[in-house]
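**Q** Dropping the structure in here first, questions after.
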């Protein structure tokens, strides 16, 4: 059966490919919900479901994976920064603190419907000064990443440690995705 990843994220493509999964990428036209009043896990799962269902509507015979990753701190979701000033503000907010990374996933299987789930990982940041933020921005592009950072891209410069799944922080909890795919 055909498998589609409804995401343009190069990190999600890399993670699925490394897991030995054969798939094709079709970008989802769905508009994400941005509502801090919705609990983190629910918000991520709803966005993942919107993305997956939008692609599944056009490809009803395929299994479709949608995903949405957010950084959550002080009751506020941090998505992708609008610009470098926004990215800098996000890293300042995360500096020296712990935050939660949530990835919601939705797997839509023909004739079975949607199965949604999420993974939470706690990430602890080093104390960042302006010079370290500048150095990180020289090493990594923060603009296409939730919270303005990628743990896999010079993350050791800014991340002190994690509790949970590294893959989840990259954007896809691979073990849970593989389990969902094998149970279909």
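The values are calculated or read from the model by the stated rules, or taken from the named source; none is laboratory data. Here the structure is a predicted model, which is why all the values come from computation and not from measurement. Glycine gets a Cβ as well: all are built from the backbone with ideal geometry, and neighbour counts include every protein chain shown.
**Q** Which residues, taken from segment 87-99, are surrounded by fewer than 16 Cβ atoms within 10 Å (Cβ to Cβ) and under 19 Å from the mean Cα position of the chain (by Cα)?
**A** Listed by number, the list holds a single entry, 98.
**Q** Within segment 123-130, identify whether any single residue is modelled with pLDDT of 95 or more, under 17 Å from residue 169 (Cα atoms) and under 14 Å from the mean Cα position of the chain (by Cα), and answer yes or no.
**A** Yes: one or more hits.
**Q** If residue 48 satisfies all but one of (1) in contact with a strand residue (DSSP E or B) (Cβ under 6 Å, 6 or more places away or on another chain); (2) farther than 13 Å from residue 172 by Cβ, what's the number of the condition it fails?
**A** Result: residue 48 fails condition (2) only.
**Q** Among all residue pairs at least 6 apart or on different chains, which show Cβ distances below 6 Å where the first residue, located in segment 155-168, is within 12 Å of residue 119 (Cα to Cα) and the second is assigned to a helix (DSSP H, G or I)?
**A** 167/15; 167/174
**Q** Among 120, 3, 40, 27, which is farther than 18 Å from residue 143 by Cα, surrounded by fewer than 21 Cβ atoms within 10 Å (Cβ to Cβ) and at pLDDT below 95?
**A** Exactly one of 120, 3, 40, 27 is farther than 18 Å from residue 143 by Cα, surrounded by fewer than 21 Cβ atoms within 10 Å (Cβ to Cβ) and at pLDDT below 95, namely 40.
**Q** Here's another thing I want to ask about it. Those residues that are loosely packed, with under 14 Cβ neighbours inside 10 Å and either within 13 Å of the chain's Cα centre (by Cα) or in a loop (DSSP other than H, G, I, E, B) (or both), I need them from segment 6-24; list them, please.
**A** Residues satisfying the conditions are 8, 10, 20, 22.
**Q** Looking at 114, 148, 140, 175, which one is touching a strand residue (DSSP E or B) at 6+ places or on another chain (Cβ under 9 Å), surrounded by 15 or more Cβ atoms within 10 Å (Cβ to Cβ) and more than 15 Å from residue 48 (Cα to Cα)?
**A** 148
**Q** Just give me the residues in segment 43-72 being buried (at least 23 other Cβ atoms within 10 Å of the Cβ) and touching a helix residue (DSSP H, G or I) at 6+ places or on another chain (Cβ under 8 Å), in sequence order.
**A** Scanning segment 43-72 gives 64, 65, 66, 67, 68, 69, 70, 71.
**Q** Got a sec? Which helices (runs of 4 or more DSSP H) wholly within segment 83-184 have at least 2 residues that are farther than 23 Å from residue 65 by Cα?
**A** Once the helices (runs of 4 or more DSSP H) in segment 83-184 are filtered for at least 2 residues that are farther than 23 Å from residue 65 by Cα, what remains is 84-94, 130-139.
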